[in-house]
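Structure first, then comments.
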Amino acid sequence: MASSSSPSSQMALVPSSAVGSPLIAEVDMGGSDPSSTVRATVVQASTVFYDTPATLDKAERLVAEAASYGSQLVVFPEAFIGGYPRGSTYGVTIGSRSAKGQEEFRKYHAAAIGVPGPEVDRLAALAGKYKIFLVMGVIERAGYTLYCTVLFFDPQGQYLGKHRKLMPSVLERIIWGFGDGSTIPVFETPMGKIGALICWENRMPLLRTALYGKGVEIYCAPTADARDVWQASMVHIALEGGCFVLSANQFCRRKDYPPPPDYVFAGAEEEPSMDSVVCAGGSVIISPSGAVLAGPNYEGEALISADLDLGEIVRAKFVFDVVGHYSRPEVLSLTVKEDPQNPVSFTSAEKTESTQK
């Protein structure tokens, strides 16, 4: 497991307390007022694929490690609980589905979690035990439909709510449902206003604007995109929103997934070797001025941390406030429909009778 790659002269690596545990890259923010500083950690680690109890155990170890270094906010990658099914096609081609692919989906569905449910209760207890604000990427099971979701928990051990990915990307649309406007929250907390968008929906300008309109200050961006161009998006969002951006991605090798033939990486010219890196991470923390505070890390599993000076938000907004003095609502405006989109609604006979009287 590795520390943040290419640390700058500002960055001090803090040794792990346990052999084989991640290192934490921390940033000395200089003379910041401690009362306006939040220590945040983004987790770069792989799911234990198809084994949700083991993944929850791993999450607790990582949270305990981050808390031991004083982290107050811990952000996990997209689909950490339930898994990101990288390389899978689920046997789908236009006009046909395979029985093997349908069985793969059955196993993936079984690894997802209900919200609420016992796994959510455990995550809430975990946040309370270690006194941290927890942002966790999960695969949510709602009946027979799955959603790529982020869950939010406070340091008192309370589940606060969720964000469902509004727009799954490319083949993700086959396995995940679409979120709606009812789950685009920004939570007001003692450490600032916290919200999240997942992976490529961060590239949707109007969706970002919805978060800006709700006053997001700590913008979480769990992802599965390890490409260099992702870093450009993260810097742009920090500058555009005048907010801290915390992006967490998994670092996975082929051996973190079931072996073939149970799990096959489609699209590759040949099946990757067990030690091949299939997702290289790139987790990063960006300041409202666009400065990289920690990361990006492409070396291995890691906990990547920085101290966030909340005064930087005000200084950045003085120059550019995208939904404030730099907006032109008489020319450009956005309407966000926050009502849940339910496929079936029921009206009871009692309610109908009462409205007729």
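Taking the Cα centre of the stretch 40-127 as the origin, how large is its charge dipole in debye, to the nearest 20, when only Lys and Arg (+1) and Asp and Glu (-1) carry charge on their Cβ atoms? Walk me through the intermediate numbers first.
Values: 8 positive and 9 negative charges, 66 e Å.
Here the stretch 40-127 has a charge dipole of around 320 debye.
All Cα-Cα distances of the stretch 173-217, cut into 10 Å bins from zero to the largest, leave 25, 52, 20, 3 percent in each bin in turn. Each part reduced to its alpha carbon centroid, the stretch 199-215 and the stretch 96-124 end up 28 Å apart.
Overall, the accessible surface of the stretch 203-357 at a probe of 1.4 angstrom is composed of carbon and sulfur to the extent of 56 percent.
Averaged over its residues, the chain has an accessible area of 46 Å² per residue, based on protein heavy atoms and a 1.4 Å probe.
Using the Cβ-Cβ distance between R97 and V314 with R0 = 51 Å, the FRET efficiency computed as 1/(1 + (r/R0)^6) comes to roughly 0.45.
Provide the gained length on full extension for the span I174 to A64, in nm with one decimal, where the gain is 0.36 nm per separating residue minus the Cα-Cα distance.
On the way: separation 110, 0.36 × 110 = 39.60 nm, distance 3.55 nm.
Difference between extended and current length: 36.0 nm.
Taking only the Cα atoms of the stretch 206-267, the radius of gyration and Dmax are 16.2, 48 Å.
Charges were assigned to the Cβ only: +1 to each Lys and Arg, -1 to each Asp and Glu. The resulting dipole of the chain about its Cα centre is roughly 640 debye. For a quick check: with amide H placed at 1.01 Å from N, whose amide H comes under 5 Å from L160's, ignoring anything fewer than 5 positions away on the same chain? The list, which skips near neighbours in sequence, is F152, F153, D154. Across the chain, the longest piece that holds none of the GluC sites (Glu not before Pro) lying in DSSP loops with up to 10 other C-beta atoms within 10 Å covers 1-268.
The overall shape of the stretch 119-236, judged from the alpha-carbon gyration tensor, is oblate: a/c is not under 1.5, and a/b is no greater than b/c.
The values are calculated or read from the model by the stated rules, or taken from the named source; none is laboratory data. These numbers come from a predicted model, not from an experiment. Every residue, glycine among them, receives a Cβ derived from its backbone with ideal geometry; neighbour counts consider all protein chains shown. For the accessible areas, the whole protein counts, side chains as well, though only heavy atoms, and no ligand, DNA or RNA atoms are used. Shrake-Rupley method; radii C 1.70, N 1.55, O 1.52, S 1.80 Å.
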